[in-house]
Amino acid sequence: MGISLTNGRRENIILRTSCIGILVNLLLAGFKAVVGFSTNSIAILMDALNNLSDVLSSVITVAGAKLADRNPDFEHPFGHGRYEYLSALVISIIIFYAGVTAMVESVKKILDPEVPEYTTASLVLLAVAVIVKIILGRYVKRKGAEADSGALIGSGSDALFDAVLSFSVLVAALIYLGCGVSLESYVGTVIACFILKSGFGMLRDTLNEILGERPDPLLVRQIKNLLVEEPEIRGAYDLMINNYGPGRNYASVHIELPDVMTVEQVDRLTHRIHEKVFKATGVHLSGVTVYSYNTRDPEAAQMREQVSQLVMKHPWALQVHGFYVDRTKKTMRFDVVVTFGRDREPLIQELQQEITRLYPDYQVSVDIDRDISALQG
């Protein structure tokens, strides 16, 4: 998917949507806190705490977006986009802490219960809160998709889930009024569990983004397909995508070209694919490395097939590429993609020995690559 919004336009959407979320959640948290204290309802108070954590999340999202939109500088040539991931990390910790607090208070109320005193106004407020949260959640999710903001999409999903939690509080209140059975503390415990789950999931996903995770297989496939559409390119390998924040992806790739191409031809090709990939995906193709393949030696293809079959018999071998042989100088080179958990040097020695037995007169050079382009899984 190409870039449809400028960074300034994207920031404006995030800021405006977050501010609306802050205002709505502040009002809901305030009203629920008043109702919770007046009715002695721990469930409503925990729901208010959940809204308050949403306010803090939105504030930090705004701060992260402002910092992330700063222009690149000498110390940070790829920009400051990862501030959004750091802000998401802080948000996840706040949500997790809110969940722990909610759990402690709910358990206290289970051990030392208090009788709630619902009023018609409190029930109406809970019903209105459910409707407001549904509207807010749908709005924030739509704006998040428009701005390609994972933080906003997550906030929208969280708001929709908050509507479910508020509805459960309303149901518990109606059950108490109708049957005299108080489920207050237990509903508060359930809400706390979901807050903890949300915080943990967000923490896990954010840490993965900061550490660097395997690129999206669909994006990898799209970029490789764009490259091999070019008639000169026989294959695209070792695609590595580095992310420096939402919408800031830089990639390097190896392409396989015929050994008769001139440097001028390769230069024109690389300029063309840089522009093509960026327009289609928004990914900056910052580095292109070239493999050559034999076009003037008809026996090279047969040798490539024999070597590939030999290598692919190993269960840890996923792909052979970059094969080139010079039968005059008796040299052969190729790359092998292997599964994770294998030491590089023993594999190189093993493959060199096997290939040397097949072609004893050749000097064999093997390079080991890791499965970074989602060949497996």
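Rg/Rh for the stretch 7-211 stands at 1.04; both radii use Cα atoms, and Rh follows the Kirkwood definition.
For the pair Phe200 and Glu229, label points projected 7 Å from Cα toward Cβ lie 4.4 nm apart. When you filter the chymotrypsin sites (Phe, Trp or Tyr not before Pro) in the stretch 220-294 for DSSP loop state and at most 11 other Cβ atoms inside 10 Å of their Cβ, nothing is left. For Lys66, the aspartates and glutamates whose Cα falls under 15 Å of its own Cα, not counting residues fewer than eight places away in the same chain, are Glu11, Glu84.
Among His254, His274, the ranking by other beta carbons within 10 Å of each residue's beta carbon, starting with the fewest, stands as His274, His254.
Of the chymotrypsin sites (Phe, Trp or Tyr not before Pro) found in the stretch 297-364, those that fall in a DSSP loop while having at most 11 other beta-carbon atoms within 10 Å are Phe340. Cα-Cα over 28 Å: which of Lys141/Lys276; Lys32/Lys109; Lys141/Lys197; Lys143/Lys279? Among Lys141/Lys276; Lys32/Lys109; Lys141/Lys197; Lys143/Lys279, the Cα-Cα distance tops 28 Å for Lys141/Lys276. Each Cα pair under 8 Å and six or more residues apart adds its sequence gap; the mean of these over the residue count of the stretch 217-370 is a relative contact order of 16 percent. What residue among Asn242, Asn25, Asn71 has the largest mean-square fluctuation in a Gaussian network model of the chain, using Cα springs under 10 Å? It is Asn71. What separates the Cα centres of the stretch 210-269 and the stretch 16-54 is a distance of 48 Å. Across the stretch 7-211, Cα pairs under 8 Å and at least six residues apart give a relative contact order of 28 percent. Going by the alpha-carbon gyration tensor, a ≥ b ≥ c the square roots of its eigenvalues, is the stretch 171-259 rounded (a/c under 1.5) or, if a/c is not under 1.5, prolate (a/b greater than b/c) versus oblate? It is prolate, given that a/c is not under 1.5 and a/b is the larger ratio. With the Cα gyration tensor of the stretch 269-377 giving a ≥ b ≥ c as the square roots of its eigenvalues, does the rule (a/c under 1.5 for rounded; else a/b larger than b/c for prolate; else oblate) give rounded, prolate or oblate? Taking the square roots of the gyration eigenvalues as a ≥ b ≥ c, the stretch 269-377 is oblate.
Read the figures in this text as sums done on the coordinates, not as results from a lab. Just so it is clear, the structure is predicted and the values come from calculations on it, not from any experiment. Cβ atoms come from the backbone with ideal geometry, glycine included; neighbour counts cover every protein chain shown.
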